Amino acid sequence: MKKQEYAIVDIETTGGNASGSRITEIAIIIHDGKNVIDRWETLINPEREIPLPIFALTGINNEMVKNAPIFDDVSDKILEMLTDRIFVAHNVNFDYSFVRHQLQQAGFKWTARKLCTVRAARKIKPGLSSYSLGNLCTSLDIFVKDRHRAGGDADATTILFSRLLEWDEEGVIAKMIKMTSQDQRLPPNLPPEDFEQLPEKPGVYYFYNEVKKVIYVGKAINLKKRVASHFSGHNIKSQRQNFLRDIHGISFEVCATELMALLLECTEIRKLWPTYNRALKRFEPKFGLYQYEARSGYKYLGIGKLSKFQVCIEVFNSEFDAINLLRSLSEQFAIDYRFCKYTKPEEGEFAPQKEVASLPDVNTHNEQIESAIDFLLGQRSSFAIIDKGRTAEERSCIWVENGHFYGMGYIIFDVGFTEPSDIKDYVTPYKSNNYIMHLIENYAAKYPRKVFFRQASNSF
């Protein structure tokens with residue numbers, strides 16, 4: 001049987017992601033598990049300008065690579081050295097993504113088993129303050145020459161790898177390089193035990209960065225399966241590469257149902273606004289229905305953009321929905337069209353009207369406005385959604401009060417209620433918003449048998 005060999009690789013590049021950057025230097029060292037048996041390195045002409053910050057870091061400038069081979073010219077050599085060998089690198093996904101992408105552009109379909117020396121060092125030498133290559137070399141007394149150059153960093157990684165092999169008394173590296181090893185797909189800075197503790201249940205998960213700040217919140221029907229999906233595939237975009245590199249920890253909260261997980265995810269994102277959560281922002285309402293009173297004493301209903309400094313009667317995702325509702329109210333309650341404003345009122349717009357004689361009686365008109373508002377608010381009902389719990393001994397409950405999400409929680413199965421509002425004592429309050437109520441109302445319409453104590457707000 002052929003002895004397993006390792007290709008220890010380091011590259012320098014024009015930027016941080018394979019889709020928009022190119023390799024400027026590569027070093028490959030072949031190791032047979034005991035000794036170095038081959039070594040090769042070269043500068044590479046990236047066929048584009050090298051940014052000044054990259055030059056400041058690596059010392060590689062445009063003049064140095066002007067007469068160097070382009071990647072296509074050395075792709076055969078690179079492929080030959082990597083074929084049938086374990087691809088080893090410090091933060092392996094970075095180097096692997098560049099090499100695989102540029103080999104693919106050169107016409108070669110190549111994949112390899114990977115070994116990350118960051119992850120291996122965390123397992124074999126736990127408890128160190130930092131696992132960056134520079135700090136590891138300082139901690140383990142490894143000499144580094146030409147730091148941030150492919151050859152120097154590859155040499156340092158090779159010494160680190162050799163020492164890890166010597167210290168590996170429990171066969172950690174052998175387990176890591178198995179094709180089926182889940183650990184190999186995890187981000188380099190994530191402790192494996194954080195992933196292993198995830199249950200296969202619905203809930204919400206949190207990703208943390210190096211300083212324990214939440215950088216992403218997600219919901220799942222199956223927590224372990226969903227989190228694992230973040231780490232699968234071969235996405236070379238910079239956003240995903242940075243995202244994976246920033247993950248240093250995971251925590252989670254089990255929820256009884258997918259709906260509860262959705263609601264908790266939404267409230268946590270609005271509370272924490274994690275760096276990598278962007279999708280929910282498009283669900284933020286943008287327009288509101290407002291009531292104004294002019295100096296003449298007449299009340300107006302108007303549509304305008306939401307403001308932090310004004311309280312509105314109702315919120316809308318689109319101006320179209322807001323205008324349709326206001327038109328419907330004005331027709332239903334016979335409100336004079338001159339007192340319905342479909343754009344944000346300009347300063348001074350509510351000055352006394354000149355044609356006072358043609359205006360409706362102020363008291364009658366204001367009563368019509370109040371009736372319309374009361375009708376709109378009266379449509380907001382209070383109700384509970386009672387569903388299965390996390391265990392057979394409990395039930396889950398979501399409480400909506402006067403058309404707003406009040407909170408959710410869990411109730412012991414044998415607890416009864418004399419008043420609907422008693423449910424409030426068993427739920428944790430959360431802030432409501434338009435998107436959350438959209439989720440709840442859709443669920444209530446789909447599963448009416450799970451809805452209890454529904455009453456209109458003007459009769460509750």
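The values are calculated or read from the model by the stated rules, or taken from the named source; none is laboratory data. Just so it is clear, the model here is predicted, and its values are computed rather than measured. Because the Cβ atoms are built from the backbone with ideal geometry, glycine has one as well, and the counts that use them run over all protein chains shown. Note: accessible area is taken over every heavy atom of the protein model, side chains too, but ligands, DNA and RNA are not part of it. Shrake-Rupley method; radii C 1.70, N 1.55, O 1.52, S 1.80 Å.
Here are some notes:
- Simple rule: put +1 on each Lys or Arg Cβ and -1 on each Asp or Glu Cβ in the chain, find the dipole, and look at 427, 227, 384; the Cα lying farthest toward the positive end is 227.
- Relative to the longest principal axis of the Cα atoms of the chain, the long axis of helix 319-332 makes an angle of roughly 10 degrees.
- Distance between the pseudo-spin-label points of residue 391 and residue 295 (7 Å out from Cα toward the beta carbon): 6.8 nm.
- Each Lys or Arg adds one and each Asp or Glu subtracts one; over the other residues with Cβ under 13 Å from the Cβ of residue 200, this totals +3.
- Cα-centre dipole for the chain with unit charges at Cβ (Lys and Arg positive, Asp and Glu negative), debye to 20: 600
- With every protein chain in place, the chain: carbon and sulfur % of accessible area (1.4 Å): 50
- Solvent-accessible area per residue, Å², over the chain with all protein chains present [probe radius 1.4 Å]: 52
- With Cα atoms, 0 to 90° folded angle of helix 150-167 axis to the chain main axis: 90
- Normalising by residue count, the chain has a Cα convex hull of 222 Å³ per residue.
- 0 to 90° range, to nearest 10: angle between helix 434-446 axis and the chain longest Cα axis: 80
- Karplus (6.51, -1.76, 1.60) ³J(HN,Hα), θ = phi - 60°, over region 188-199, in Hz, Gly and Pro reported as x: x, 9, 8, x, x, 5, 5, 6, 5, 6, 5, x
- Using the rule -39500 (n - 2.57) for each DSSP H run of four or more residues, divided by the residues of the chain, the 222 nm mean residue ellipticity is -10000 deg cm²/dmol.
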